[in-house]
Ligand SMILES: [Zn+2]
Ligand SMILES: [Zn+2]
């Protein structure tokens with residue numbers, strides 16, 4: 001299914017956009033990253049999306065109006081809006097500092113309208129100031145590829161040899177984090193994806209090859225960003241005893257049956273779900289210090305379908321970002 005709104009007429013008059021609700025801000029979108037999760041939303045692979053939802057959860061924009069009760073932002077500020085649109089603040093997960101697991105969360109571009117648009121609203125309490133070093137297009141992928149990548153990476157930050165499966169937007173950011181922290185990065189891509197393998201090496205990866213290949217040495221940790229279940233036994237086979245395998249995607253094709261020997265030896269598999277605002281605070285502080293440099297390809301918002309098609313076909317290296325007309 002194509003993203004049906006991409007060809008719709010664009011709003012050109014700010015007054016046609018309603019004033020933001022209490023606690024919310026209205027943004028003029030200046031860039032919105034395209035995430036693999038957007039494809040899952042568009043393809044109907046995630047349960048109960050907002051009907052006719054506007055995708056996009058890597059939003060960078062400028063505040064053009066402020067609802068009652070908003071602290072911390074003023075008109076003209078540049079802000080970023082991530083996947084976690086809001087959490088309830090009351091459930092046991094929220095109260096325990098795990099708002100990423102909230103029982104009644106709202107997600108940007110999935111259960112809330114997102115940033116494939118000229119304007120977007122956001123709950124101000126879940127939006128962030130963006131480090132000034134980044135252009136709007138560079139900053140967009142930090143909002144999900146960066147944040148979910150960072151949360152995934154924290155679980156394997158002590159791995160000396162770190163494998164990354166699926167070398168797209170999140171992986172190319174995590175590789176920079178890992179190299180900065182002295183880890184050896186081993187990048188796994190689709191067979192023959194020499195562009196992604198070259199990007200990995202350029203970013204400091206020790207080794208880059210196809211997912212079906214074994215790395216030259218066993219890995220202490222690995223992250224799978226590709227939504228491909230058969231990568232799980234492949235990655236486990238590449239892990240040393242005691243290694244951790246992190247599944248960083250929201251959706252994955254079925255994981256095939258596999259011999260217990262692949263897991264034996266205290267290997268661990270775990271998923272990463274969403275993000276907390278604390279993750280965002282930490283990551284937006286560390287990213288400009290490294291500095292993490294997102295490699296972005298920009299597309300006009302009206303070319304969203306073509307951009308999505310190229311992402312789906314694996315034709316993009318780094319991160320893709322939609323830019324609305326000025
Ligand atoms: Zn909650
Ligand atoms: Zn995402």
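Assessment of region 24-31 against the conditions (in contact (Cβ under 8 Å) with a residue 24 or more places away in the chain, in contact with a helix residue (DSSP H, G or I) (Cβ under 6 Å, 6 or more places away or on another chain), within 16 Å of ligand 2 (Cβ to nearest atom) and within 19 Å of residue 316 (Cα to Cα)) yields at least one matching residue.
Inside region 66-118, residues that are away from ligand 2 (no atom under 16 Å from the Cβ) and either over 17 Å from the mean Cα position of the chain (by Cα) or more than 22 Å from residue 18 (Cβ to Cβ) (or both) make up a count of 32. Residue 133 passes every criterion in (1) out of contact with any strand residue (DSSP E or B) (no Cβ under 9 Å at 6 or more places or on another chain); (2) within 10 Å of ligand 1 (Cβ to nearest atom) apart from (2). Of the residues making up region 119-130, not one is within 16 Å of ligand 2 (Cβ to nearest atom) and out of contact with any strand residue (DSSP E or B) (no Cβ under 7 Å at 6 or more places or on another chain).
Scan region 302-324 for residues that are assigned to a loop (DSSP other than H, G, I, E, B) and either out of contact with any helix residue (DSSP H, G or I) (no Cβ under 7 Å at 6 or more places or on another chain) or under 21 Å from residue 227 (Cβ atoms) (or both) and jot them down. Spell out how you get there, then give the answer.
Within region 302-324, the subset assigned to a loop (DSSP other than H, G, I, E, B) is 313-318, 324.
313, 314, 315, 316, 317, 318 - these are the residues of region 302-324 that are assigned to a loop (DSSP other than H, G, I, E, B) and either out of contact with any helix residue (DSSP H, G or I) (no Cβ under 7 Å at 6 or more places or on another chain) or under 21 Å from residue 227 (Cβ atoms) (or both).
Among the numbered conditions (1) in contact (Cβ under 8 Å) with a residue 60 or more places away in the chain; (2) more than 16 Å from ligand 2 (Cβ to nearest atom); (3) within 17 Å of residue 113 (Cβ to Cβ), the only one that residue 51 does not meet is (1).
Among the residues here, residue 299 qualifies as in contact with a strand residue (DSSP E or B) (Cβ under 6 Å, 6 or more places away or on another chain), surrounded by 16 or more Cβ atoms within 10 Å (Cβ to Cβ) and not in a loop (DSSP other than H, G, I, E, B). Looking only at residues in region 45-80 that are closer than 17 Å to residue 273 by Cα and in contact with a strand residue (DSSP E or B) (Cβ under 6 Å, 6 or more places away or on another chain), the one that is farthest from ligand 1 (Cβ to nearest atom) is 58.
Here, each number is a calculation from the coordinates, and none is a lab measurement. All of these numbers come straight from a predicted model, not from anything done at the bench. Note: ideal-geometry Cβ built from the backbone for every residue, glycine included; neighbour counts use all protein chains shown.
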